[in-house]
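What follows is one structure encoded as structure tokens, with my remarks underneath.
The values are calculated or read from the model by the stated rules, or taken from the named source; none is laboratory data. Because the structure is a prediction, the values reported are computed rather than measured. Note that we place each Cβ from the backbone using ideal geometry, even for glycine, and neighbour counts take in every protein chain shown. The area values use the complete protein model at the heavy-atom level, side chains included, leaving out ligands, DNA and RNA. Shrake-Rupley method; radii C 1.70, N 1.55, O 1.52, S 1.80 Å.
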Amino acid sequence: MKYKVENKKGQVLISFSIDAKEWEAAVESVYQKTKGKYSHVGFRKGHVPRKVLENTYGKGFFYEDAFNEAFPKYYYEVLDKESEIYPVDRPDVDVKSIDDKGVKFTALVTVKPEVTLGEYKGLKVEKHVDEVTDQAVEAELALMADKNARMVVVSDRAVQNGDEVVIDYSGSVDGVKFDGGTAEKQTLVIGSGRFIPGFEEQIVGMNTGDEKDITVKFPEDYHAENLKGKDAVFAVKLHEIKYKQLPVMDDEFAKDVSEFDTLDQLKADIRQKLEKENADRAEIRFENQLIDKATENASVEIPQCMIESQIDSYIQEFEYTLSYQGIKLADYVKYTNSSIDDLRKVYKERAEKTVKTRLVMEAIVKAENITADEESVEARIAELAGQMGKTVEEVKKNMHPSETDYIKNEVISKNVVEFLKKANNG
């Protein structure tokens, strides 16, 4: 096999020439693999000579299958030799000539684009850490109190907003009960907005044991077609009223919900944790700003196929997320009165940014010769081993080369961000 590489704008044209001997071997290989399925008068099935088949169906009877089998071999052989060629899409193949003298064909390959880096050092990005306020600490305490609250039955007053009630209800439209409109001993938090607008508000003021007809109107966009915009009457009986009794915020509360002896100690611990969360968020925000600036300052012509591929990934992720909720993508676009094309448009800008960012980071890695240092790789493997409850040696022994490469890429990604941070003058 002979080949020639011609560089074009954003693409590489590879011209292949397969001589008669190599081509004959490819055709014979296909014949030997497929001969078992052929029948012909005068021969048992699977024993028809190749010449007979070619005389009957034409000289090029096996050419298409032989080319389809031979192409990947020659294509990847060239890619192995020409390491600077980095395809980002399937090649566009054009067969120029094909006969018993051999094959000549071309493969037009869209390759990873060249990035022109702009300023990526001395970007002057400032890191801002949000202050932890007393209100934030109190809000965390309030959440803890809410989780440790107890429900107390009320017998001496009517329902108020925020109460939890137990009710029976039976709904009807024009005097006819409808499916799903009846329930017994149903728990409802007043003000939660779980029921039809206007329903919960009319429970307020009822006392335990009261019965009442509540009139509401179904929303025009209600999911059940037969109930949209309809007036309905719900016969309601109130069985029980409860309210949430919050614990007293004192030292005893701190002892009950934490390892601390005093409320002040608990507050100090909450503040410390919030400060760490704010610092972590600030660090991530700082890193993202550096990456965004370096990306904005660079220029690159991104092949459309790379953007489309990234959009495909986003849609697959979205489809996977929907599946966890028991929703199919086809049903989602139907319910939202949209289409897959609409969804692709939503992801387009995000995909463009993601691809450009990845290309720019790779260019910085190359320009600065950033590598995966052995110490960081070993530390990451040790971290994974700890998560799996195995020794480092066990993990290494069973690690596939692709997994090792993934870890190295993780380390490189981390190292390039650390480089940008150190090179920043903010």
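Structure summary
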{"item": "Residue among ALA20, ALA26 that alone is touching a residue at least 60 places away in the same chain (Cβ under 8 Å) and open to solvent by less than 50 Å² (accessible area, probe 1.4 Å)", "result": "ALA20"}
{"item": "Failed item in (1) closer than 23 Å to LYS9 by Cα; (2) free of Cβ contacts under 8 Å to residues at least 40 places away in the same chain, with VAL88 passing the rest", "result": "(2)"}
{"item": "Count of the range 121-132 residues which are touching a helix residue (DSSP H, G or I) at 6+ places or on another chain (Cβ under 8 Å) and open to solvent by less than 30 Å² (accessible area, probe 1.4 Å)", "result": "3"}
{"item": "Which listed residue, of VAL12, VAL78, VAL27, is part of a helix (DSSP H, G or I) and within 26 Å of VAL115 (Cα to Cα)", "result": "VAL78"}
{"item": "Any hit, the range 51-67, residues being aliphatic (A, V, I, L, M), in contact (Cβ under 8 Å) with a residue 40 or more places away in the chain and open to solvent by 30 Å² or more (accessible area, probe 1.4 Å)", "result": "no"}
{"item": "All positions within the range 29-50 that are farther than 24 Å from ALA107 by Cβ and in contact (Cβ under 8 Å) with a residue 12 or more places away in the chain", "result": "TYR31, THR34, LYS35, TYR38, HIS40, HIS47, VAL48, ARG50"}
{"item": "Condition met for LYS334 (open to solvent by 50 Å² or more (accessible area, probe 1.4 Å) and modelled with pLDDT of 95 or more)", "result": "no"}
{"item": "Subset of the range 362-391 [farther than 30 Å from THR295 by Cβ, open to solvent by 40 Å² or more (accessible area, probe 1.4 Å) and not charged (D, E, K, R)]", "result": "ALA382, GLY386, GLN387, MET388, GLY389, THR391"}
{"item": "Strands (runs of 3 or more DSSP E) contained in the range 133-241 and holding at least 2 residues open to solvent by 60 Å² or more (accessible area, probe 1.4 Å)", "result": "150-154, 176-189, 211-217"}
{"item": "GLU349 being without any contact (Cβ under 8 Å) to a residue 40 or more places away in the chain and open to solvent by 40 Å² or more (accessible area, probe 1.4 Å)", "result": "yes"}
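One line per residue, one yes/no per condition, for (1) open to solvent by less than 60 Å² (accessible area, probe 1.4 Å); (2) β-branched (Val, Ile, Thr); (3) touching a helix residue (DSSP H, G or I) at 6+ places or on another chain (Cβ under 7 Å):
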site: TYR76; (1), (2), (3): no, no, no
site: LEU79; (1), (2), (3): yes, no, no
site: SER83; (1), (2), (3): no, no, no
site: ASP89; (1), (2), (3): no, no, yes
site: SER97; (1), (2), (3): yes, no, no
site: LYS101; (1), (2), (3): no, no, yes
site: ALA107; (1), (2), (3): yes, no, yes
site: THR110; (1), (2), (3): yes, yes, yes
site: GLU119; (1), (2), (3): no, no, yes
